[in-house]
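Notes follow once the structure below has been shown.
The values are calculated or read from the model by the stated rules, or taken from the named source; none is laboratory data. Because the structure is a prediction, the values reported are computed rather than measured. Note that we place each Cβ from the backbone using ideal geometry, even for glycine, and neighbour counts take in every protein chain shown.
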């Protein structure tokens, strides 16, 4: 009887390929695919990393705050309030309404009081900016800070930094001669705790002492 099988056909088993063979084939194919894709993926990752380090629109700003020049990198659209709080960690200036209606964010720019939420940081370069952190001289409180403590000019304290900055400007402007003047010229600073009589008393005390700045 003649054997018609060939060496090749004898080497190949009948039926499906064993599972071990499939796994080996998949591993090899995956390895080859990974080697083929690795260079493009690595290059793309490097480009994305480089791009993230250079954000379009960010600019360098130099702000003179409480007598010290500070440099920050921020978008031109950043408000002075956000620059103070987020970039410079000067969190004494509070964000209340963020619409210029409550006065909690009041700071002095070249001696004039402004709502820092309504002005851009980039617009205030080369100007003298004073925040509540710059009122005291070391451990010595500003006279208005001391008067606020004496007259209980605050309760929760959230509006107090803005009240202090506006009060300092109010005295310097000559708008604290009477209780009525103080109420009128401090009307842009809201106190939800209702400490207005005590705030007025504190400002009037400092004005009557002759302190001007």
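Just one of the listed residues (191, 159, 170) is in contact (Cβ under 8 Å) with a residue 60 or more places away in the chain and surrounded by 14 or more Cβ atoms within 10 Å (Cβ to Cβ), namely 159.
Among the residues in segment 113-121, are any touching a helix residue (DSSP H, G or I) at 6+ places or on another chain (Cβ under 9 Å), more than 24 Å from residue 202 (Cα to Cα) and part of a strand (DSSP E or B)? Within segment 113-121 (the criterion being touching a helix residue (DSSP H, G or I) at 6+ places or on another chain (Cβ under 9 Å), more than 24 Å from residue 202 (Cα to Cα) and part of a strand (DSSP E or B)), the answer is yes, since at least one residue qualifies. Can you say whether residue 161 is over 22 Å from residue 129 (Cβ atoms) and not assigned by TED's automatic domain parsing to the domain that holds residue 110, as far as the supplied structure shows? No. You will find that of 170, 156, 193, the residue that is over 24 Å from residue 89 (Cβ atoms), part of a loop (DSSP other than H, G, I, E, B) and not assigned by TED's automatic domain parsing to the domain that holds residue 79 is 193 and no other.
In the set (1) surrounded by fewer than 21 Cβ atoms within 10 Å (Cβ to Cβ); (2) more than 17 Å from residue 92 (Cβ to Cβ), the condition left unmet by residue 207 is number (1).
Restricted to segment 201-213, and to residues there that are modelled with pLDDT of 95 or more and under 32 Å from the mean Cα position of the chain (by Cα), the residue that is nearest to residue 148 (Cα to Cα) is 202.
Evaluating residue 209 against the criteria (1) more than 27 Å from residue 82 (Cα to Cα); (2) free of Cβ contacts under 8 Å to residues at least 60 places away in the same chain leaves one unmet condition, (2). The set of residues from segment 122-153 being more than 20 Å from the chain's Cα centre (by Cα), assigned to a helix (DSSP H, G or I) and in contact (Cβ under 8 Å) with a residue 12 or more places away in the chain comprises 143, 144, 145, 147, 148, 150. Scanning segment 116-147 for residues that are in contact with a strand residue (DSSP E or B) (Cβ under 6 Å, 6 or more places away or on another chain) and within 21 Å of residue 190 (Cα to Cα) turns up 116, 117, 130, 131.
Residues are listed down the side, and each one gets a yes or a no for (1) assigned to a strand (DSSP E or B); (2) modelled with pLDDT under 95:
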| position | (1), (2) |
| --- | --- |
| 32 | no, yes |
| 37 | no, yes |
| 42 | no, yes |
| 45 | no, yes |
| 49 | no, yes |
| 55 | no, yes |
| 61 | yes, no |
| 64 | yes, no |
| 86 | no, no |
